[in-house]
Structures are given as C-alpha cells and as structure tokens.
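See structure below.
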Amino acid sequence: MAISTAALASIIALGIIVLISCFKEMNVGILGIAAALLVGILFSGMKIAAIFKGWPVGLFMILIGVTFMFACAQVNGTMEKFSAYAVRLAKGNTALIPIILFILITLITTIGPGNIATTALMAPMAMAIAGRIGLSAFAMTLLVVGAANGAAFSPFAPTGIISNGIIAKMAPQLGITDLQGLAWKVHWNSEIVQGIVNFGGFFLFGGLAWMRRQRGGAALNIDEIAPKPEPFTAKQWATLAGIAALIFSVIVLKWDVGAVAFGIGAIFMLFGIADDAKAVKAMPWGVILMVCGMSVLIDIMDQSGGLKALVSMIATVSNPTTVNGVLGFITGIISAYSSSSGVVMPMFLPMVPGLIQQIGGGNPVAMISSINIGSHLVDTSPLSTLGALCIACAAEHEDKAKLFRNLMLWGLSMSVVGAVVCYIAFGILGL
C-alpha cells in the first residue's frame, strides 16, 4: 500500500513521541500538539485553526468537571475517612483485610477519583497495613494496582471518561447508539479480566499461603492496624451526598456526567465544602493535557492517512479472532514504558473502525476492551506511577530493590499474559 508523505510524516512523528515517552519523563501532550502543527502545516497544508479543531472539547470539559469534584472530596478529607472506616469492618479477622481493601479501592476508583488518585490515596494505608499483618508488599501491590486499574474504566473515572470520549467520536462508524451501555460493558470487561489476573497473582505469590496462616491465629487489634478516624464533619457528609447525587443522576436519570459534576462542584465552591484553590491544584492537569494533546496529533494522523497505514500493518497479522490478542500484546509492550491513558489509548482506540473493515469483521467492544486492558495490565511495573507509589509506601523491613525487580518482571510479563487473556476472553469466549 502506497503511503503519502504526510501520512509517513505523521507516523514518524508519533513514533518519535512514543520513544521519547519511554525514556524520558515529560508531558507528551505538548509534543503531540507541536508535532500536529508541524505535520499539518508543512506536509498537509492545513491552517492552524483547522489543526486545533482536533482538540477534544467535549472530553476536556467532562474531565475538568469530574476531576474537580473529586479533588474537592480528596482535599477536604472525605475519601481518607471513608477508607479508614471501611478497613475497620474487618475488626479482628485479619484474613479479610486484603479482600476489604480490594473492594474498597474498586469502589473508590469506580465512583470517580480514578486509578492514579485512588492509588495515591490508598497505597500508604494499604502498604503500611501489609507490613503490620505480615503480608508481602508484592502481594499487596498486585491487589492495590489490580483493583485500581480494574475499575479505571468506570464512566465516572478519568480513564473511563477518556476511553468513552474517544469511542463517542467513532461511534457512528461502528453503528454504536447506546454509549452508556457500552461504557458499562467496557468497565465490567476490565473488572472481570483484570480481577482474575491480579487475584490469581495474589494467591499464587504468597497471598493464599498467608490467608491460610491467619486461620486460628490470634486476632489483631484493629485500632493498631487502622486507627479510628474522627467522625465525618458536616462538610464531609455534604461531599458524600454530592457523590451519591452524581451516581444517581448518571445511572438512574441518564444525565451527562460532566454537566452534573460541574453543577455539584459549583455547589461545593459556593458553600465552602472544600478549598477550591487546593482542589484545582489537586486536579490531574498533566494527564488531561497529555490526552488532549495526543488527540490533536491522532486527528492529524487520521486526516493525513497515517492512521489507516498503521491499521493496515496490524491487519496483516490479525483476523477477527486473533486481533484481540494482537492488540493486547502491542498495547502492553508500549504501555510498559509509556502512558497508558495519555499515549496508548488515544493512539490505538481510533484504529478500531479501520481494523474491523480491513480484517473483515470483529467485535468492536472486544477490541476496545483488549486495548484498554492490554495497556493497563502492565501498570504494576515500577516504571508506572501506580507501581512506583506502592514501592515508595512499602514497609521499612521490605527489600525494596527485590520488590522493584519482582514488580518489573510481573509488569513486563503482563504484555504476554494480556495477549493471552484478551485472546481467550474476547476472541474465543466473546465476553
């Protein structure tokens, strides 16, 4: 297939940015916009205004609304207290603590803060608890990161919003009309597959043996493991009410999550529920810029024919069944060294309509799930933010160099495991 100069230039630009993101920590959103301007102006003869039309305004606004609202819940201490009360449900039954933490992290991630914010909130508590109850830091990391990433594609969470925003742009090509139903399907696919993989790792690498040792052992004092926090304040109760209102509005009333979040966030500001200046600072601006900036470049690639060329390359080694495993493997390899939501998802999700056309079929939900899961299973790696947070919070007696090596091996192996589970779950079983 002949590739135009503009298409080739866009592919080279994307490749350079991906390589840079693998070896140097910087916000590739800026690079993506610069590359889009370079390719668009020099090779496609586009006007600057036309290039900037690729900025995903809808996605940007939803991310701002939701992340501000949940930043308010973090800075006023609501999420921290909620977490502490939940952990105390285990009382003296130590073996229940990892299960409670998994459910708690899943719940918190699902309702809105997202995988990175939830891990930053919960890793210090979870890793400290692991040290106190004698559970290995490696096993606890698998649970913490597995729970956060499994729930990351909730329609309320930033990563899920990014995925759904990209899907919405290509929905007409795929014949998708029920975007909310699709969003929850993608979310549950992630929960099931990532839950199986990470719980399997937890049980295999020490978790099951540790739980067996807790039977008949002396009950531990829950006040030493998770000290009782102060009661919720009136502002924190109001915050919980706001979160409940968001969930009800979106799930039951089918209202737009971004619009509702903006409204609730405005109420939080007007009534002083949280310090709005601190909340704005706590928002994940880097991730938002990364996603939107890379979306501008992907839009230029699409217009120049570069995206179609990449689709053709993947299609040559795929069929409607194996494509899920291929996508899981490629996204896992790239994501091990690059940003899952900021680089990999904006790069691969727009390929789905073209892949279905070129390989003669395929399930779009399965392909979307394979891209999302493949790119996030590897995030237990210490090179990712989530893995690094858990290492930093590990108990003092833990050998952090050994923990780093083990998490690196696990993370890299997930590119292969991701390919296999995506092939089985979506190619063969058709989840």
Checking F43, F60, F82, F70 in turn, the sole residue that is at pLDDT 85 or above and either within 16 Å of M294 (Cβ to Cβ) or polar (S, T, N, Q) (or both) turns out to be F60
Only one of (1) among the charged types (D, E, K, R); (2) crowded, with 19+ Cβ neighbours inside 10 Å; (3) touching a helix residue (DSSP H, G or I) at 6+ places or on another chain (Cβ under 6 Å) fails for K278. Which number is that? (2)
(1) in a helix (DSSP H, G or I); (2) under 18 Å from the mean Cα position of the chain (by Cα): which one isn't true of G40, the others all being true? (2)
For I51, work out the one condition from (1) in contact with a helix residue (DSSP H, G or I) (Cβ under 6 Å, 6 or more places away or on another chain); (2) under 30 Å from V257 (Cα atoms); (3) at pLDDT below 90; (4) not aromatic (F, W, Y) it doesn't fulfil. (3)
Checking the structure you have, find out if any residue of the stretch 44-59 is aromatic (F, W, Y), under 30 Å from A234 (Cα atoms) and out of contact with any Leu (no Cβ under 6 Å at 6 or more places or on another chain). no
Consider only pairs whose beta carbons are under 9 Å apart and that are at least six residues apart or on different chains; among these, list those whose first residue lies in the stretch 404-431 and is under 15 Å from L142 (Cβ atoms) and free of Cβ contacts under 8 Å to residues at least 24 places away in the same chain and whose second residue is part of a helix (DSSP H, G or I) and small (G, A, S). F404/G387
I need a count of the residues in the stretch 2-26 that are within 20 Å of I314 (Cβ to Cβ) and part of a loop (DSSP other than H, G, I, E, B). 3
Would you mention how many residues in the stretch 88-120 are surrounded by 22 or more Cβ atoms within 10 Å (Cβ to Cβ), aliphatic (A, V, I, L, M) and more than 18 Å from G195 (Cα to Cα)? 1
In the stretch 259-268, which residues are touching a residue at least 24 places away in the same chain (Cβ under 8 Å) and surrounded by fewer than 20 Cβ atoms within 10 Å (Cβ to Cβ)? A259, F262, I267
Residues within the stretch 347-390 that are farther than 20 Å from G150 by Cβ and either in a helix (DSSP H, G or I) or in contact with a His (Cβ under 7 Å, 6 or more places away or on another chain) (or both), tallied: 12
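Could we say that D256 is under 26 Å from the mean Cα position of the chain (by Cα) and surrounded by 11 or more Cβ atoms within 10 Å (Cβ to Cβ) here?
Values: under 26 Å from the mean Cα position of the chain (by Cα): yes; surrounded by 11 or more Cβ atoms within 10 Å (Cβ to Cβ): yes.
Yes: the conditions hold for D256.
For every residue, the table says whether it meets (1) free of Cβ contacts under 8 Å to residues at least 40 places away in the same chain; (2) surrounded by fewer than 16 Cβ atoms within 10 Å (Cβ to Cβ); (3) under 30 Å from A266 (Cβ atoms); (4) not basic (K, R).
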| site | (1), (2), (3), (4) |
| --- | --- |
| A6 | no, no, no, yes |
| I11 | no, no, no, yes |
| F23 | no, yes, no, yes |
| M26 | yes, yes, no, yes |
| A35 | no, no, no, yes |
| V39 | no, no, no, yes |
| G45 | yes, yes, no, yes |
| K53 | no, yes, yes, no |
| I64 | no, no, yes, yes |
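So that you can scan it fast, the table gives a plain yes or no per residue for (1) under 25 Å from F268 (Cβ atoms); (2) touching a Gly at 6+ places or on another chain (Cβ under 7 Å):
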residue	(1), (2)
A84	yes, no
T109	yes, no
P113	yes, no
G131	no, no
M140	no, no
P158	yes, yes
G165	yes, yes
A168	no, no
If we take the stretch 139-236, then helices (runs of 4 or more DSSP H) inside it with 3 or more residues that are under 16 Å from A366 (Cα atoms) and not aliphatic (A, V, I, L, M) are 158-174, 179-202
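Look through the stretch 181-202, keep the residues that are in contact with a helix residue (DSSP H, G or I) (Cβ under 8 Å, 6 or more places away or on another chain) and under 16 Å from M140 (Cα atoms), and return whichever of them is surrounded by the fewest Cβ atoms within 10 Å (Cβ to Cβ). Give the steps one after another, and end with the answer.
In the first step, residues of the stretch 181-202 are kept if they are in contact with a helix residue (DSSP H, G or I) (Cβ under 8 Å, 6 or more places away or on another chain); the result is 182-183, 185-187, 189-199, 201-202.
From what is left, the residues that are under 16 Å from M140 (Cα atoms) are 194-199, 201-202.
Details: Q194: 27, G195: 17, I196: 14, V197: 22, N198: 25, F199: 20, G201: 22, F202: 24.
Checked the stretch 181-202; the qualifying residue surrounded by the fewest Cβ atoms within 10 Å (Cβ to Cβ) is I196.
The values are calculated or read from the model by the stated rules, or taken from the named source; none is laboratory data. If you're wondering where the values come from, they're calculated on a predicted model, not measured in any experiment. A quick note on method: Cβ atoms are made from the backbone with ideal geometry, for glycine too, and the neighbour counts reach across all protein chains shown.
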